[in-house]
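Take a look at the structure set out below.
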Amino acid sequence: MQLVVARIGRAHGIKGEVTVEVRTDEPELRLGPGAVLATEPASTGPLTIETGRVHSGRLLLRFAGVSDRTGAEALRNTLLIAEVDPEDMPEDPDEYYDHQLMDLDVVLADGTEVGRITEITHLPSQDLFIVERPDGTEVMIPFVEEIVTEIDLVEQRAVIDPPPGLIDDNAVVAAGTSGEDGEDGGDGVGSDGAGKGEPS
């Protein structure tokens, strides 16, 4: 199974480094030196990671064969895609790969239907479920343990205990949260890694 693990952002410096928007909870595994990644668009890759480092809280990568700013800028907005065994599970029991959470039914503790997970957005502070309600509207639900009380992959459902106002009409928002440069992953390729966090 192919999963999006990062999106390339701006060039950094003049030696071919790029910033990346990480879309995996396991960057050390997916984005380490020597990793070979497919790309979207496919014509850009495959790309082999040569070096990686964190600068001002942001991951910087340099790829084999890319040694200057011009080459780095040419990669901007490219999605980096890893091949992942669909049976793999994250090491942390409270974390899940995005493809495991997509299309789960979202219900209240009493079984009341809320909707279906159609997208997962990774923000610096927490992950969000984008849930499509039966009437076609969408609502964002923070993936934190105080709200998402149970993930049942066998029953294909997520049980939530929302605070007042989270899923009523005035909380319904248009889902369109995107990354640093306003691009999204799309094209039917999932993202990698979501986990319950602390409320922000």
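For VAL114, enumerate residues with amide H under 5 Å from its amide H, sequence gap 5+ or separate chain, H modeled in the peptide plane.
Close amide H contacts, sequence-distant or interchain: VAL106, VAL107, LEU108.
What relative contact order, as a whole-number percentage, does the stretch 109-166 give when Cα pairs under 8 Å and 6 or more residues apart are counted?
Normalised by residue count, the contact order of the stretch 109-166 is 23 percent.
Whose amide H sits under 5 Å from the amide H of GLY9, counting only residues 5 or more places off or on another chain, with H placed in the peptide plane?
THR19, VAL20, GLU21, ASN77
Protein chains only, probe 1.4 Å: how do HIS55, HIS12 rank by accessible area, largest first?
HIS55, HIS12
The values are calculated or read from the model by the stated rules, or taken from the named source; none is laboratory data. Please read these numbers as outputs of a predicted model, since none were measured by experiment. The area values use the complete protein model at the heavy-atom level, side chains included, leaving out ligands, DNA and RNA. Shrake-Rupley method; radii C 1.70, N 1.55, O 1.52, S 1.80 Å.
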